[in-house]
Structures are given as structure tokens and as C-alpha cells.
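A quick write-up on the structure given underneath.
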Amino acid sequence: MAWAVPEFSRSKVDAAGDILIREFSPIASAGDMSVDDYADQYEGFHHELTAALQVINNWRSSHSYPLNALQMSLRRRVRNMKTAWLVAQRIKRLPAIQLKLRINKGMQLSRMQDIGGCRAVVSTVRMVNHLVSTYQGSKSMKHELVRITDYIEKPRPTGYRSVHLIYRHQSETHQEYNNLRIEMQIRSRLQHAWAAAVETIGEFIGQALKSNLGEANWLRFFQLMSSAIALKEKSAPCPATPPRRADLIKELRHLTRTLRVEETLQTFGTLAERRVGTAGADLFLIATNPARKTVDVTGFPLRESEKAMERYSDTERSFADTAGAQVVLVSVDSLEKLRRAYPSYFLESRVFTKALKEALRG
């Protein structure tokens, strides 16, 4: 099958990333002004932006081959473990790239380490550590391990917990992909449920909670809930939360009531899911439209990966002005595993809600 390959120099990729944040920034603060309305006031806007998006989309697509290679390796390793597990992969969404470049001043798009990302979700923290250790001691891995960051031992201030492994792709037969970076995330089921809840609520209240941006009460709620899960998993809590369990739960109860967390999560479950061509598919394009209360899932065989990426880019553009819309292209074994791997895109929050109820009981 044909895989996309890098067609532009890294300097052109970085320049395209600069255009993405420079040209989109005024639109974000222009109220209800559409892209077309803004274009009338900016000569050459469409031409420059269209050219930049062509470069960025090729750069994104080019990560599909090395990403597939890494996720296949990950899948083989977890199959050998006696634990419940799930492996999935995704190409980073264009809005997520834009936000990351905007937040991290001076970051170059060509060096962004998570354009392609794969994830393993296993049952416990002990299984996470075991899986990570198989990579640390591996002599058979041909790809270069750049860095391991343990956000379970040292959680982010937001409460995010997972272990990240960054690889540079290396191949003698496919040298055109060499040095492209792929991020591998390994987390427990409860850590995954927490991360999905952050993303779900953040998208639907229109705040980048995942990037530690948004309403203080919601950010604090997720900090506290992360520590509550850490106590259950016997791992390091978020340092910004109360050290005494009783104080932690008291504050968590207060914010759960104030924010109506359980009711908020339940309302997200009312969206209707519509499927197209998903039987036997390897790639799934998910488009969540809260305005219409729909989640559209379109399937593609792996041999049509380039077609899937083109549809992905077209769908992103069509949803650009839809508040709260999400578009993502992911790969998993089956649609049921897709629902478990990306619950935020299907608005499933049962695991997180159960964990919250258990925490509130003290």
C-alpha cells in the first residue's frame, strides 16, 4: 500500500506552523466574524493559509507509517502480558497542533514530538511499570528511544498521569521516515478515564482544560480527582492537593456539587452515534458535532490511509466554525475497542463516574 512521505523541508514545515498561528490568531478574537469575512480584510490570506495547510497536512500524514510501526510493536508486547489491555493510535488534530504551538512560544512544528501518537491502556499501575520496563531493557528495538517521562511518579500540575516514551523512527528500508518522532503513552484504565473526562468536559464547555486553561473550579476539580485516583492506585498524588484524605474528599465533594459534575457528564451521553463503513475497518474518522447532537464514525481499510487523511483534513475544515466540534482519525482493532480507547469522542464516562462515586464515599 502507498504511505504518504514527507514532501517538504523541515524549514518549510516550521514556516507553515508559524503561518497557522499567525493567521488564525486574529480570527480567534474576532467574535463571530467568519474566515471568509476576515479574508476580505486580509489580502492573500486564503492563498498563504491554503499553502501552509498543504505542508502541515503532508507532515501529519507522513507520520502514519512510523506510527503504525510503533503501535504494532506496542500491540505485540501487551499481548504477552496477562492483563486487560487496549492499544490505539491517532494523528494529532489540527486544532491541537495550533493550540500547542500557540502555548509553547518558540516551538517548531518539525520538532513536535506527538504528531503521531499511540497509546496502551492496561489494568493497573503495576502493569504500566512492567510494560515500560520491557522497553527500557529492550535490545531488539531498532527505533531510537529519545526520552521517557514518568507523569505517574511526578504528575503534572493539572493532575495528568501517564508514562510517555518518545521514539525517533529508524529504518534501513524506509529511510524517508527516519528521525520522525512518535509518542507512546502508557497508562492505567483509571488514568485513561480521568484524561478522557478532562477532554470531554473541556471540549463541551469550550475551555482547554487539557492544556491547563479554563475555569479555575473545573481545573481544581480534576486536580482533586486525580489525587483521589492516585490514592486508590497507591501512586503519587498531585502535589497541589490536600495531603490528608479527609480534606481532599471534602473539597472534592464541594466542587462536585457546585459544578454538577455527574449531571454534566450524563448529558453528554445523549448524542446519537451514526456509523458508515465501519465493518472490518482499520481506521476510523470520528466527527463529534454537539450542535446537532451527533457522533459520526466513518471507517476505512488500512490500504486507504491516504484517502482517510484527505477526508480527515476536509472534515476539519468543514467543522472549523462549529463550536465544540471534534474531529479525529484513529486506528484500533475494532469499533468496540475504539469506544474504549477514545471514550471522550463517544461521550462515555461510566468508568470515570464510577471512580468519582467511589471517591466521594470516602
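Considering only segment 184-205, I want to know if a residue exists there that is of a type in the set (Gly, Ala, Ser) and over 23 Å from Val332 (Cα atoms). Checked segment 184-205: at least one residue is of a type in the set (Gly, Ala, Ser) and over 23 Å from Val332 (Cα atoms).
Inspect all residues belonging to segment 253-262 and state whether any of them is within 25 Å of Thr124 (Cα to Cα) and not hydrophobic (A, V, I, L, M, F, W, C). Yes; the residues of segment 253-262 include at least one that is within 25 Å of Thr124 (Cα to Cα) and not hydrophobic (A, V, I, L, M, F, W, C). Of all residues in segment 220-255, which are under 24 Å from Pro290 (Cβ atoms) and either surrounded by 20 or more Cβ atoms within 10 Å (Cβ to Cβ) or acidic (Asp, Glu) (or both)? Those that are under 24 Å from Pro290 (Cβ atoms) and either surrounded by 20 or more Cβ atoms within 10 Å (Cβ to Cβ) or acidic (Asp, Glu) (or both): Phe221, Phe222, Met225. Of all the criteria given as (1) buried (at least 20 other Cβ atoms within 10 Å of the Cβ); (2) hydroxyl-bearing (Ser, Thr, Tyr); (3) at pLDDT below 90, the one not satisfied by Tyr312 is (3). Filtering segment 50-91 to residues that are basic (Lys, Arg) and either in a helix (DSSP H, G or I) or under 23 Å from Arg303 (Cα atoms) (or both) leaves Arg60, Arg75, Arg76, Arg77, Arg79, Arg90. Of the candidates Ala246, Ala236, Ala287, the single residue that is at pLDDT 90 or above and in contact with a Ser or Thr (Cβ under 6 Å, 6 or more places away or on another chain) is Ala287.
Residues of segment 290-307 that are free of Cβ contacts under 8 Å to residues at least 40 places away in the same chain and buried (at least 17 other Cβ atoms within 10 Å of the Cβ): Asp296, Thr298, Gly299, Phe300, Glu304.
Number of residues in segment 124-170 that are surrounded by fewer than 20 Cβ atoms within 10 Å (Cβ to Cβ), of a type in the set (Ser, Thr, Tyr) and without any contact (Cβ under 8 Å) to a residue 60 or more places away in the chain: the value is 7. Annotation note: of Arg257, Arg220, the sole residue that is under 16 Å from Leu356 (Cα atoms), at pLDDT 95 or above, among the charged types (D, E, K, R) and in contact with a helix residue (DSSP H, G or I) (Cβ under 7 Å, 6 or more places away or on another chain) is Arg220.
The values are calculated or read from the model by the stated rules, or taken from the named source; none is laboratory data. In this text the structure is predicted, and so the values were computed from the model without any measurement. Cβ atoms come from the backbone with ideal geometry, glycine included; neighbour counts cover every protein chain shown.
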